[in-house]
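Q: Following this message is one structure expressed as structure tokens.
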Amino acid sequence: MDLEAGLSLRDAALDLLLGGACLGCGRPGWLVCADCGAALPDRAAPAWPTPMPAGLAIPWAMGPYAGVLRAIVLGHKEHRLLALRPVLGRLLAGSVAGAAVPGLPVVLVPVPSRPAAVRARGHDHTWEISRAAGTTLRRLDIDVRVARLLSSRRDIADQAGLTADERAENLAGSLQVRSGSLARLARWRPRVQVVVCDDVLTTGATAREAQRALEVIGLPVNAIAVVAATQRWINLGGEWRGSR
């Protein structure tokens, strides 16, 4: 058994010992029961925020940030229900698979969590679900690497309650590429497609800042992949439509 599988079993055992119920239907036992798990979305679609930040790479999401998807994200992120990590990884992997061009190596670049948030939560939510997504994608024979390319220049203010313009101003210039990370990436594969990963797309300001930081050092971003998008978006394919 590899380390990651062992950690997943440990996390699941801890959650079970502490007691739990399905986040979808409330049935005692697993955090996501078989029926609710089968009802989760299995295909990603473009999810453009409205208004859209200028130049944003195409964002992909598995569904709206509501219902069970919202409960799963918050359960892992804020309540440390670690057994949800493989579920979130599969969902994020679905968005990456929708965004990626078949046959080219993929680099998943998680948006860094605020240091204060990591300290408060006791874990780095976005990094962990990105790693779980990488595990899922490798099982599909996709050549993928999860790279911690970005870091924060400063600890930004909490984004909750901010307007789209306020979020953009709060985030402007807040991210940078880690020293030496680009050289390590080039040694892995000379030609890759880069997908910025996050849990939720709201206004697109965070994704756009991550994209800016990567592109300023010459690393183009092919797409944005998230688990879910808030109701400030529209799917150009016509399957879902959000409202502002």
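The values are calculated or read from the model by the stated rules, or taken from the named source; none is laboratory data. Predicted model only: the values in this text are computed from it and were never measured. Backbone-built Cβ (ideal geometry, glycine too); neighbour counts: all protein chains shown. Side chains are part of the model used for accessible areas, which takes the heavy atoms of the whole protein and leaves out ligands, DNA and RNA. Shrake-Rupley method; radii C 1.70, N 1.55, O 1.52, S 1.80 Å.
Q: Specify the residue that is modelled with the highest pLDDT; the eligible residues are those in the stretch 111-125 that are in a loop (DSSP other than H, G, I, E, B) and more than 13 Å from Ser152 (Cβ to Cβ).
A: Ranking the candidates gives His123 first.
Q: Are there any pairs with C-beta distances below 6 angstrom linking a residue in the stretch 30-59 that is free of Cβ contacts under 8 Å to residues at least 12 places away in the same chain and hydrophobic (A, V, I, L, M, F, W, C) to a residue that is surrounded by 18 or more Cβ atoms within 10 Å (Cβ to Cβ) and part of a loop (DSSP other than H, G, I, E, B), with the two at least 6 apart or on different chains, and if so which?
A: Cys33/Cys22
Q: Let me ask something else. Which number in (1) touching an Asp or Glu at 6+ places or on another chain (Cβ under 6 Å); (2) free of Cβ contacts under 8 Å to residues at least 24 places away in the same chain marks the one condition that Leu82 misses?
A: All conditions pass for Leu82, except number (2).
Q: Continuing with the same structure: Any residue that is at pLDDT 90 or above and surrounded by fewer than 16 Cβ atoms within 10 Å (Cβ to Cβ) - is there at least one of those in the stretch 65-76?
A: yes
Here's the yes/no breakdown for (1) at pLDDT below 95; (2) crowded, with 16+ Cβ neighbours inside 10 Å; (3) touching a strand residue (DSSP E or B) at 6+ places or on another chain (Cβ under 7 Å); (4) charged (D, E, K, R):
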{"site": "Cys22", "(1), (2), (3), (4)": "yes, yes, no, no"}
{"site": "Trp30", "(1), (2), (3), (4)": "yes, yes, no, no"}
{"site": "Arg43", "(1), (2), (3), (4)": "yes, no, no, yes"}
{"site": "Leu82", "(1), (2), (3), (4)": "yes, yes, no, no"}
{"site": "Gly103", "(1), (2), (3), (4)": "yes, no, no, no"}
{"site": "Leu108", "(1), (2), (3), (4)": "no, yes, yes, no"}
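Q: When the residues of the stretch 126-184 are narrowed to those that are surrounded by fewer than 17 Cβ atoms within 10 Å (Cβ to Cβ), over 23 Å from Glu215 (Cβ atoms) and of a type in the set (A, V, I, L, M), which ends up modelled with the lowest pLDDT?
A: Ala157
Q: Still on this model: Which one of Pro53, Pro86 is part of a loop (DSSP other than H, G, I, E, B) and either charged (D, E, K, R) or open to solvent by 10 Å² or more (accessible area, probe 1.4 Å) (or both)?
A: Pro53
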